[in-house]
Each structure stands twice: as C-alpha cells, then as structure tokens.
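Enquirer: Once you've had a glance at the structure underneath, I'll fire off some questions.
Nothing in this text is a laboratory measurement; each read-out follows from the coordinates by a stated rule. Quick caveat: nothing in here was measured; it's all calculated off a predicted structure. Note that each Cβ is placed from the backbone with ideal geometry, even for glycine, and that neighbours are counted across all protein chains shown.
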Amino acid sequence: MAYEQKIKIGAAKTKMVWTLGAASRSVEMIEKLLEAGMNIARFDFSEGSHAHHQETIINLRTAIRNTGILCAVMLDTKGPEIRTGEGETINLPTLTRKDKVDICSMGNSE
C-alpha cells in the first residue's frame, strides 16, 4: 500500500503521547508504538545528549516511513536551563507596571 494511502483522514481528536527513552527508541519499538496509536512522540531534553536525541529522531522518521503513520514531535526542554545566547550574569533593574522592555540575544546564536 502506498504511503499516501495509509494516512488516516479525519483522525481522532484525542492524542496519545509517548516519551521516547532508552527502552522505547529503537525503530522496531517505535513502529509498535505507532501501530498501537501513538501520535505524539515526546523527547525529554533534561536527559540524554544531542547525539542520543538525534539518533532517536532518525529512528522515529524511519518508523514513520516504514509504517506510513504520521506522528508529531513534542520537545520537553529544561526550562530556565535553556539559553538563547552566551553572556555573563547581570543585575536586572527594577521594573514598574508601564515600563517597556526590549529583550534580545547577545552574541552568536549557534
């Protein structure tokens, strides 16, 4: 069956979220999860390396291609530990209700 023919039109509004971790990141396991109804793959960025997550994303793409079942990706980041740029610690001014503030990243964004 062609990939386009396997896509379900008018899918359910309820979403099944599964965190892809050490026990559930192989292509075979992800295929089973997709076939069982997973339609959102969650990545927990508080654990694992960039290489670990990249490999899991590649496995997810392979499983999607193999099964023809679409799946969204949800990234759970580290919150305040995520930085948009490098910089030194600064003392912030006290703000009042009507003050206007411009927020920007300093330095290289890579």
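Enquirer: Rank-order 60-66, 14-20 by packing density, defined as the average count of other C-beta atoms within 10 Å over each peptide's residues, highest first.
Expert: 60-66, 14-20
Enquirer: How big is Rg to Rh over the stretch 16-78, alpha-carbon atoms, Rh as the Kirkwood inverse-mean-distance radius?
Expert: Rounded to two decimals, Rg/Rh equals 0.93.
Enquirer: Working out 0.36 nm times the residue gap between residue 47 and residue 75, then minus their Cα-Cα distance, what length gain in nm do you get to one decimal?
Expert: Contour length minus the Cα-Cα distance gives 8.9 nm.
Enquirer: Between residue 58 and residue 92, with labels modelled 7 Å along Cα→Cβ, what's the label distance in nm to one decimal, could you check?
Expert: Each label point is offset 7 Å from its Cα along the Cβ direction, giving 4.0 nm.
Enquirer: Here is a follow-up. Suppose R0 equals 41 Å. What FRET efficiency, 1/(1 + (r/R0)^6) with r the Cβ-Cβ distance, do residue 23 and residue 104 give to the nearest 0.05?
Expert: Result of the calculation: an efficiency of 0.50.
Enquirer: Among 67, 89, what is the fewest-to-most ranking by other Cβ atoms within 10 Å?
Expert: 89, 67
Enquirer: Net charge near residue 58: determine it from the other residues with C-beta under 13 Å of the C-beta of residue 58, scoring Lys and Arg +1 and Asp and Glu -1.
Expert: +2
Enquirer: Sort the following peptides by mean Cβ neighbour count (other Cβ atoms within 10 Å, averaged over residues), highest first: 21-32, 91-102.
Expert: Going by the mean number of other Cβ atoms within 10 Å, highest first, we get 21-32, 91-102.
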